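Derivation of every value follows stated rules applied to the coordinates shown; laboratory data play no part. Note that the structure is predicted; figures quoted are calculated from it, not measured. So basically every Cβ, Gly included, is an ideal-geometry build from the backbone, and we count neighbours across all protein chains shown.
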Amino acid sequence: MTTPEPKGEAGLAIGSAEVDREHTLQLDLLDRFATQLGTGADREALAATLDQLVDFTKMHFASEEALMRLYGYERFAAHVAQHEETVERIDALRDACEAGAEDLTAETLAHLRHWLVEHIRYADRAFGRFLVGVRDAGGDGVLRPRFDT
């Protein structure tokens, strides 16, 4: 099944429509924050967008991790470690914003966005290929949970 690429990025679709939509929303929130920062939005607007980004990212990672457990993904621990690092980066960004940090720049956001895009491009796409293999292994195109893990 082909799913659309997350907006503005090539090579990020993992083959799961729901996960791909979540990636698009996650990147949209980060881009919205960057736009707000660049246009001098007030601290309240910045904080609200960052709160949404943090909350959504944690929900998205929990969703991915539940799928990984359900289907017995062999790279689960390494993938979760990357999720934890991403959450730490986003939490640090929120802390810097709340503290009124002067060094919160477009460059800081570009590094975070690059990290997230690379995670999707490599780690999440590997998980997507795993899901396709699980689906295709049954011969009928249906994803079946693994209860033996």
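Which whole-Hz ³J(HN,Hα) couplings does the range 43-48 yield from phi under the Karplus relation 6.51 cos²θ - 1.76 cosθ + 1.60, θ = phi - 60°, glycine and proline marked x?
4, 5, 5, 4, 4, 5
Please sort by residue number the trypsin sites (Lys or Arg not before Pro) in the range 50-103 whose DSSP state is loop and whose Cβ has at most 15 other Cβ atoms within 10 Å.
Arg75
Pairing the Cα long axis of helix 76-98 with the longest principal axis of the chain, what angle in degrees results, from 0 to 90 and rounded to the nearest 10?
20 degrees
Normalising by the residue count of the range 17-137, find the relative contact order in percent from Cα pairs under 8 Å and 6+ residues apart.
It rounds to 31 percent for the range 17-137.
Exposed loop sites here are GluC sites (Glu not before Pro) in DSSP loop states with at most 13 other C-beta atoms within 10 Å. What is the longest stretch of the chain lacking them? Mind showing how you got there, number by number?
Working: sites that count: Glu74, Glu102.
Longest stretch, sites excluded: 1-73.
Working from Cα positions, state the angle (0 to 90°, nearest 10) between the long axis of helix 106-118 and the longest principal axis of the chain.
Value to nearest ten degrees: 0.
From largest to smallest, what semi-axes in whole angstrom does the range 17-137 give when each is the square root of 5 times an eigenvalue of its alpha carbon gyration tensor?
The answer is 30, 13, 12 Å, longest axis first.
May I ask for the angle, rounded to the nearest 10°, between helix 125-137 and the longest principal axis of the chain, with both axes built from Cα atoms and the value confined to 0 to 90°?
Tilt of helix 125-137: around 20 degrees.
Given the -39500 (n - 2.57) contribution per DSSP H run of 4+ residues, what per-residue ellipticity at 222 nm results for the chain, rounded to the nearest 500 deg cm²/dmol?
-23000 deg cm²/dmol
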